[in-house]
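The values are calculated or read from the model by the stated rules, or taken from the named source; none is laboratory data. Please read these numbers as outputs of a predicted model, since none were measured by experiment. Reconstructed Cβ throughout: ideal geometry from the backbone, glycine too, with neighbour counts over all protein chains shown. Surface accessibility is based on the protein's heavy atoms, side chains included, excluding ligands, DNA and RNA. Shrake-Rupley method; radii C 1.70, N 1.55, O 1.52, S 1.80 Å.
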Amino acid sequence: MNRLSRTRAAFRLGGLAALAAITVPAHAGISYTLDRAAAAPGTTVRVQAVYFNDGSAGARWQPPRQLILQWRAPNGAIIRTPAQADSDARDLNIPVNNFARMSWSAVVPADVHGLQAVAIEGEPALMALDTGAGGAPVVASRPATVPVVDPTTGQPVPAPEVAAAGASPAAGPAPTQVASTVTPADPDRLSGVLAGLSEYQPMYFDIRTRDRTTARFQVSFKYRLFTPDSSDPKFWDKLYLGYTQTSLWDLQGESRPFIDTTFNPSLFWLNDNMWTSNSQNWRAGLQAGVEHMSNGKGGADSRSVNDAFLQPALNYRFDGGSTLTFSPRIKGYFGVADENADYSDYAGHVDWNLRWAQDNGLIASAMYRQGANSRRTTQLDLAWPLKRTWLNMNGYVHLQYFNGYGETLLGYDQRHRSQIGIGFALVQ
């Protein structure tokens, strides 16, 4: 199967029969794509435009500072949001057989789910995006009689800004009235590693000052092994490789050494939306897999453990715009190194996880684990979006409290006094 056939299969949307024309004709004009094939609600995606001049004379392009996007909620309602230019829009001169690029950043609305056909008002194309939470892949066929709303604040975008983008503040056209093609993310990306990458565990960098100045930071991502075909879903479509790395860094000692780093690769099956209630308030998902943890050291400092885990998740969506998630992670250990044979006595067999997230607001999470002989560990995390501060930037202000065992794999059997860290989070 060639690249074009795979792209059609992965992004087939109900109600659109024009998928044969995925590529853009070779003439002076603009093609739009998204910078990724999948993104979760609340994350930022980029609309990328390429203006290619294949004419016989030079061309001029004045990209707008703002685009108006249309999304579709599970109940069929159309959502209109802005996308802001990543650089100053300017008057561009495009020589013959040359091109120019431009991009706009947009936040995926919290109320959208499943495979989306994202429309740009005034442009004859749709862009496919998998938000990974179920929902019907159907394109709205009626005009959008709703205002444009900023998804980060929930407030309507001022009418002059919408008008400057060439759209009506009160209503927009139906995507099917202007679109004749569905454009997936950049095919070069779809064929490469980046197409399947997405966030996994929280990513943050915190500073703590109790006893001595240290930093705790974590990076994490997952990679989808197979591109799903919406017309014929398979079990293996939801297989992922995951990787998480957590480090504790001594910022005060001589040469600023790393105290310990935990390397945590994993293979798992994940379905965030196995069941949804008729009211759409309740949703259940499941993750199951195996993982390895090691600190990468040798000799007496070597630590490693393997486990198989099962993690159901029950989500409740409040009408006020927040979600409560309960997701206990149940673990069974195997292949534990002799150096840490009693690891389960300190880490226990269940991580009790609770998370509450406001739309574009506070995110609070708690983890509790109970080992043998009352060995308890507690971690609390709070995150506030920087978009809602005077900085108006991406990411979160992050606050973390930790008390108990296992802050590092090397010190899994050492109790750490309460630590409070503050810093910056990319994903929470």
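Within segment 369-390, the set of residues being among the basic types (Lys, Arg), within 22 Å of Gly406 (Cα to Cα) and not in a loop (DSSP other than H, G, I, E, B) comprises Arg369, Arg376.
Does Phe235 qualify as being of a type in the set (Phe, Trp, Tyr) and out of contact with any Ser or Thr (no Cβ under 8 Å at 6 or more places or on another chain)?
On the way: of a type in the set (Phe, Trp, Tyr): yes; out of contact with any Ser or Thr (no Cβ under 8 Å at 6 or more places or on another chain): yes.
Judged against the criteria, Phe235 is a match.
Could you please let me know if Gly320 is within 24 Å of the chain's Cα centre (by Cα) and open to solvent by 40 Å² or more (accessible area, probe 1.4 Å)?
Working: within 24 Å of the chain's Cα centre (by Cα): yes; open to solvent by 40 Å² or more (accessible area, probe 1.4 Å): yes.
It is true that Gly320 is within 24 Å of the chain's Cα centre (by Cα) and open to solvent by 40 Å² or more (accessible area, probe 1.4 Å).
Among residues of segment 372-386 that are more than 9 Å from Tyr346 (Cα to Cα), those with a Cβ under 6 angstrom from a residue that is outside any strand (DSSP E or B) and of a type in the set (A, V, I, L, M), sequence gap 6+ or separate chain, pair up as Trp384/Leu362; Leu386/Met393.
The set of residues from segment 367-384 being farther than 26 Å from Asn306 by Cβ and aliphatic (A, V, I, L, M) comprises Leu380, Leu382, Ala383.
In the set (1) over 28 Å from Leu286 (Cα atoms); (2) over 20 Å from the mean Cα position of the chain (by Cα), Leu399 fails one condition alone, (1).
Can you give me the number of residues within segment 124-162 that are farther than 27 Å from Gly320 by Cα, modelled with pLDDT of 80 or more and open to solvent by 50 Å² or more (accessible area, probe 1.4 Å)? Number satisfying all stated conditions: 2. All told, Ala308 falls short of being among the aliphatic types (A, V, I, L, M), surrounded by 15 or more Cβ atoms within 10 Å (Cβ to Cβ) and in contact with a strand residue (DSSP E or B) (Cβ under 7 Å, 6 or more places away or on another chain). Look through segment 209-238, keep the residues that are among the small types (Gly, Ala, Ser) and in contact with a Pro (Cβ under 9 Å, 6 or more places away or on another chain), and return whichever of them is most open to solvent (accessible area, probe 1.4 Å). Here the answer is Ser230. If Asp206 satisfies every condition in (1) modelled with pLDDT under 95; (2) open to solvent by less than 70 Å² (accessible area, probe 1.4 Å); (3) among the acidic types (Asp, Glu); (4) under 27 Å from Gln419 (Cα atoms) but one, which is the exception? Of everything listed in (1) modelled with pLDDT under 95; (2) open to solvent by less than 70 Å² (accessible area, probe 1.4 Å); (3) among the acidic types (Asp, Glu); (4) under 27 Å from Gln419 (Cα atoms), Asp206 misses just condition (1). Filtered by the rule that a residue be modelled with pLDDT under 90, touching a Leu at 6+ places or on another chain (Cβ under 9 Å) and open to solvent by 30 Å² or more (accessible area, probe 1.4 Å), segment 239-284 gives Asp272, Met274, Trp282, Arg283. When the residues of segment 110-122 are filtered to those that are touching a Pro at 6+ places or on another chain (Cβ under 6 Å) and open to solvent by 10 Å² or more (accessible area, probe 1.4 Å), the one that is farthest from Ala357 (Cα to Cα) is Leu115.
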